[in-house]
Amino acid sequence: MIKLSAIGDWMSDNVGTLLAGLLNVVIIVAVAVVLRFLAGRLIDQFTNRMVSSHARLSQSSSKMANRVLKQASTARAERQRQRAQTIASVLKSMATALIIGVAFVMVLSQLGINVAPILASAGVLGLAIGFGAQSLVQDFLAGIFMMSEDQYGVGDVIDTGDAVGTVEAVTLRTTKIRDLNGGLWHVRNGEILRVCNMNQDWANVVVELPLDSSVDLERATHVIQDGIDAFADHTDVTDKLLERPDISGVVAIGNGATTVRVIARTQPGEQWALDRMLRGQIKRSLDRHGIPIAHPGYMRQAPAWRSDRLRAALPGLQHRYSRFAWSRTVARWGGWDLNPRPTDYENCP
């Protein structure tokens, strides 16, 4: 009876404190729930605005990108939605952990528990994790920035340096890349210092044609243009081209070749197939008109009058030149390759 009366006296003396403590706990929990709800709403708005603003910026930066975005608006909208959901889920998880942690410490303090040792232990633990998991934090931060800036996504062909291939999966920590040989690369996002995305906005097909130096350049240009027109008017190609192929002109002369460059602008991801089709069409057009492709190291046959002239001049040249220098002189006079190799003298007449 004495203990019960003592407990009753203690309850009557501290009922106000207990009620105040319980009320404070309820308020803390309610505030935490409200803050979590508001944080979720703010994070959703922030990520959606960030993704949409980056898309508008990319769209206004290039008229060509504008055309591509209009043609692939559905796919890009789905990709933006997935990016926004991924970033929002990560930020929501971080906000939830922070709010719950602070609310838990405040509830413990209301229950009369000394939270100073807990805070000190948490600080030491956080410091240890920070030093031990620097690379992990770096990977997560790089993944967040990569997704927010839309550097690449699933299905894009990228070049990260060592790994080149198609992106199969993207997380905040790693990127999975399937190369041409079928190998699957797992690349940490923090280790990607630079990346080349070959499937973003638009792409170029660059074809360089090494024509024989004896070819009439004007005639060859017309023949190449005929092949380009046949390629661009093909039904399987029209929808994939953003601009008709254009002959840039001669870009190199040397080694018996005159190199002509052709450039075509295509939709992203279509450049490799169109490159093969364009090369095949131009090659067929050149073969049909008898225009030869250059063969490096090929030695042309000298005209008959030059051969007779050389035979008459050979006796007087042999005593003045070494064997290799004599070979170069013969080649220069006879119209052969002006950059012979040490064994070229064996081909002299």
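Annotations for the structure displayed:
- Any hit, the range 173-196, residues being closer than 29 Å to ALA97 by Cβ, loosely packed, with under 13 Cβ neighbours inside 10 Å and modelled with pLDDT of 85 or more: yes
- Qualifying residue in the range 133-140 (condition: hydroxyl-bearing (Ser, Thr, Tyr) and free of Cβ contacts under 8 Å to residues at least 60 places away in the same chain): yes
- In the condition set (1) in a loop (DSSP other than H, G, I, E, B); (2) over 30 Å from ILE28 (Cα atoms), ILE113 is compliant with all but (2).
- Where MET106 falls short, out of the listed (1) surrounded by fewer than 12 Cβ atoms within 10 Å (Cβ to Cβ); (2) modelled with pLDDT of 85 or more: (1)
- Applying the criterion of being surrounded by 13 or more Cβ atoms within 10 Å (Cβ to Cβ) and part of a loop (DSSP other than H, G, I, E, B) to the residues of the range 235-262, the residue that is nearest to the chain's Cα centre (by Cα) is LYS240.
- Every test in (1) free of Cβ contacts under 8 Å to residues at least 40 places away in the same chain; (2) outside any strand (DSSP E or B); (3) over 17 Å from ARG276 (Cα atoms) is passed by VAL215 save one, and that test is (1).
- Residue count for the range 252-281, restricted to those that are over 19 Å from ASP239 (Cβ atoms) and in contact (Cβ under 8 Å) with a residue 60 or more places away in the chain: 3
The values are calculated or read from the model by the stated rules, or taken from the named source; none is laboratory data. Just so you know, these numbers come straight off a predicted model, no measurement behind them. Glycine gets a Cβ as well: all are built from the backbone with ideal geometry, and neighbour counts include every protein chain shown.
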